[in-house]
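Please treat every number below as a calculation from the coordinates, not as lab data. What you see is a predicted model, and the numbers here were worked out from it, not measured in a lab. Counting neighbours? That spans all protein chains shown, and the Cβs are built from the backbone with ideal geometry, glycine included.
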Amino acid sequence: MMNRMTKTGACLLVVLTGGCMQYLVQPTEPSLAGSPQTIRVKSYLGSELQQPPYVLAQRCQDGEQLARVLVKRDFLQGFVSWISLGLIAPATVVYTCANAGDPPLGNSSGGDGGGE
Amino acid sequence: MMARQPSFNPIKTWKNFHESYEQVIDGEFDVFMPQQSAPLSIDDLKETTRQFQTLIADARKQGRKARAIGSAWSLSRAPTTTGWALNTNRLRGRMKIDPADLDAGHSGTADQKAGLYLFQCGNTVADVNKVIESKDQRRSLFTSGAANGQTIVGATSCGTHGSALQHGALHDHIVAIHLIANGDSHFWIERKSKPVMKADWVKKLGATLKRDDDDLFNAALVSFGSFGIIQAVVIETVPRYLLETQPGIAKLDEKLWKAIGALDFAAHPFFGGLEPYFFQAVINPATDEVLLNANYQKECPADHVPKYGLTQDPKAIGPGFDALSTVGIILGAFKGLIPAFSQLAVKQLFDTQKKTGTSGQIYGYKPPLLHVASGSIAVALSDARKTLEALIQLYKDIGPVPLVLGCRYVKKSPALLAFNKFPTTLAISIDGVDSKSSRAFFAAAADRLEAKGIDYTQHWGKVNAYTKERVLKAYGGNVAKWLKARREVLPDAKDRAVFDNAYIEERGLAG
């Protein structure tokens, strides 16, 4: 019984996740600035063309870099990619900005907080 | 140079960090530090106050709602707004409190006076640890939640706790609060019984000092963003220490019940007759197996340099960022897989490696996972066994559920709506995968405890089944005191309406 359930569960996993993918990139100590921003992207002709040509992280301001980038493809996006033989490959990019460094420690009476 | 002004982002959908819910909003404002690379000054705090006051006044004028959003870590809808989300996670100024700025009535020891820090609301728990645990500061938080990504104000406003046996929760570090209430007023709130800053210092900040009693402070301490925007808090710290973790697995027998249900550590050989600084027991109701974690306090060498970053074996294989959403669907359809999954999940959700480090290292960065489910119920230690047995029975009645029961212990807090309201509180963290059966378990857990006549509270920042009646039953007269305190800082109903949300309305705390 358990064996049959395991097999059925495995089959369901394959069907539900077929064509999907997700890759997360982040530093060892992420310091997130602002909320995650979601951009839908499409790659055409095996990545010869991309819409938009590159993902511009416009919400990262004043020297902020990226703290986290997630590239993902859901079942529908995977299906479009599969039936078009990869000529149209949609995906979703989610990026989050990084705080631009750690502010120094201040002191309540002014100046710095003592050698941080 | 003119300070950077808030920047509007016209997004219409906001999600919490773990993406367990979505909220429709009118847009988001990113708020910036006036000076990113200079030490935080009173002028910086005044400029940020002015910016927040302008945003709050504009929201009120336009009939909108607004709330501060930190790391969006909460699994409950406590921080949500239908109006403007004011994103605070760039406000990471930090300041050491000079003992010369302390009020003459400050009753602390020299060590306590030297261990006070002001943190702006956007500092995460990780940020706080990095500052205070540095080789130069050599201080520590006395307790910490399991994660470090929450902002210090977000975590404390929702009642995050740890399991340091002789200490309160994370919010019990706070001794002063800088609250921006509306377009005209901002307050520096302390307890009458525990004055902290000199009135002159508060005057320089331009804030109104409020320390006529203890109730206002104890109300604002756990208020989930309902009193206005907490721009900064002053926290107490303790001398830096190390924790040596001792993980293990044991059967849930009578000896272990004595440790879990009465903190009698002499009863079980796992503890070797020693009382740990931190203790956690994770019960998998699908088996009789309990994952134990006892952390012992050690002296920290003066030259210790904590390293916090995540590490991983490039060849390692583990759950992906969003693995749990699919797992939840599968386990919902095939409940027979749950016991096997639970055993795997316990090892993913809870650290089972033996290690030594500062509090910030032990409760440090975790691999991110979406669609986790987590709710917590707190009871008096004297009700521990009765409550756990009731929840284990509920698990059996509902059928296997992808959840485990984590037992943690915390001392009472003076906060009026503290999750840790009992002299020794057992906080039962119900953790696992977000699924239909998990949600059914959360909903039924409160009913089951009520049927057993057990007095309990629920974690404000996690999935909870609080209603107006349940909040009243849990906190009695403290609810009226909390509402009175809210009216003291927000006397005009239109100002209160800015910070009202469905979460506090459903719990009888709005208006």
Open item on the list: Only one of A:THR96, A:THR38, A:THR92 is loosely packed, with under 15 Cβ neighbours inside 10 Å, polar (S, T, N, Q) and within 14 Å of the chain's Cα centre (by Cα). Can you tell me which?
Closed with: A:THR38
Open item on the list: Return the residues of region B:417-446 that are within 21 Å of the chain's Cα centre (by Cα) and part of a loop (DSSP other than H, G, I, E, B); say none if nothing qualifies.
Closed with: B:LEU417, B:ALA418, B:PHE419, B:ASN420, B:LYS421, B:PHE422, B:PRO423, B:ASP434
TODO: Please find, within region B:72-86, the residue that is farthest from the other protein chains (Cβ to nearest Cβ) out of those that are surrounded by fewer than 24 Cβ atoms within 10 Å (Cβ to Cβ) and closer than 15 Å to B:GLY149 by Cβ.
DONE: B:LEU75
Open item on the list: Return the residues of region B:433-478 that are under 15 Å from B:PRO402 (Cβ atoms), among the aliphatic types (A, V, I, L, M) and in contact with a Lys or Arg (Cβ under 8 Å, 6 or more places away or on another chain); say none if nothing qualifies.
Closed with: B:VAL463
Open item on the list: Quick test for you: out of B:ALA232, B:ALA250, B:ALA219, pick the one residue that is outside any helix (DSSP H, G or I) and out of contact with any His (no Cβ under 6 Å at 6 or more places or on another chain).
Closed with: B:ALA250
TODO: Determine which single condition A:GLN65 fails, assuming it passes every other condition in (1) farther than 29 Å from A:THR28 by Cα; (2) among the polar types (S, T, N, Q); (3) out of contact with any helix residue (DSSP H, G or I) (no Cβ under 8 Å at 6 or more places or on another chain).
DONE: (1)
TODO: Assess whether A:GLY86 counts as being facing chain B (nearest Cβ under 7 Å), at positive phi and either free of Cβ contacts under 8 Å to residues at least 60 places away in the same chain or of a type in the set (Asp, Glu) (or both).
DONE: no
Open item on the list: With buried (at least 23 other Cβ atoms within 10 Å of the Cβ) and either farther than 30 Å from B:PRO306 by Cα or of a type in the set (Asp, Glu) (or both) as the only criterion, which of B:LEU426, B:LEU394 stands out?
Closed with: B:LEU426
TODO: Check region A:92-105 and report whether any residue there is within 13 Å of chain B (Cβ to nearest Cβ), under 30 Å from B:ILE132 (Cβ atoms) and in contact with a Pro (Cβ under 6 Å, 6 or more places away or on another chain).
DONE: yes
Open item on the list: Residues that are within 30 Å of B:PRO301 (Cβ to Cβ) and in a helix (DSSP H, G or I): does region B:172-195 have at least one?
Closed with: yes
Open item on the list: I'm trying to understand the selection: among the residues of region B:373-390, which are in contact (Cβ under 8 Å) with a residue 12 or more places away in the chain and either in contact with a Leu (Cβ under 6 Å, 6 or more places away or on another chain) or polar (S, T, N, Q) (or both)?
Closed with: B:SER374, B:SER376, B:VAL379, B:LEU381, B:ALA384, B:THR387
- [ ] Within region B:191-205, work out how many residues are away from every other protein chain (no Cβ under 14 Å) and touching a helix residue (DSSP H, G or I) at 6+ places or on another chain (Cβ under 6 Å).
- [x] 1
Open item on the list: Would you confirm, using the coordinates I've provided, whether B:ALA3 is buried (at least 19 other Cβ atoms within 10 Å of the Cβ), more than 23 Å from B:GLY149 (Cα to Cα), more than 26 Å from the chain's Cα centre (by Cα) and touching a residue at least 40 places away in the same chain (Cβ under 8 Å)?
Closed with: no
Open item on the list: Residues that are surrounded by fewer than 16 Cβ atoms within 10 Å (Cβ to Cβ), small (Gly, Ala, Ser) and closer than 30 Å to B:SER37 by Cβ: does region A:57-65 have at least one?
Closed with: yes
Task: Scan of region B:101-159 for residues that are without any contact (Cβ under 8 Å) to a residue 40 or more places away in the chain, part of a helix (DSSP H, G or I) and either away from every other protein chain (no Cβ under 12 Å) or of a type in the set (Lys, Arg) (or both), ordered by number - done: B:ALA110, B:LYS113
Task: Enumeration of residues in region A:21-40 that are within 7 Å of chain B (Cβ to nearest Cβ), more than 16 Å from B:THR151 (Cβ to Cβ) and in a strand (DSSP E or B) - done: A:GLN22, A:LEU24
Open item on the list: I need a count of the residues in region A:83-110 that are in a strand (DSSP E or B) and either in contact with an Asp or Glu (Cβ under 7 Å, 6 or more places away or on another chain) or under 22 Å from B:ALA114 (Cβ atoms) (or both).
Closed with: 5
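Table: residues versus (1) away from chain A (no Cβ under 11 Å); (2) within 27 Å of the chain's Cα centre (by Cα); (3) among the aliphatic types (A, V, I, L, M); (4) crowded, with 22+ Cβ neighbours inside 10 Å.
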site: B:ASP43; (1), (2), (3), (4): no, no, no, no
site: B:GLN53; (1), (2), (3), (4): yes, yes, no, no
site: B:ALA57; (1), (2), (3), (4): yes, no, yes, no
site: B:LYS61; (1), (2), (3), (4): yes, no, no, no
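A quick yes/no check of all residues on (1) farther than 22 Å from A:ASN99 by Cβ; (2) within 13 Å of chain A (Cβ to nearest Cβ); (3) among the hydrophobic types (A, V, I, L, M, F, W, C); (4) in contact with a Lys or Arg (Cβ under 9 Å, 6 or more places away or on another chain):
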position	(1), (2), (3), (4)
B:TRP14	no, yes, yes, no
B:HIS18	no, yes, no, no
B:GLU22	yes, yes, no, yes
B:ILE25	yes, yes, yes, yes
B:PRO34	no, yes, no, yes
B:ARG67	no, no, no, no
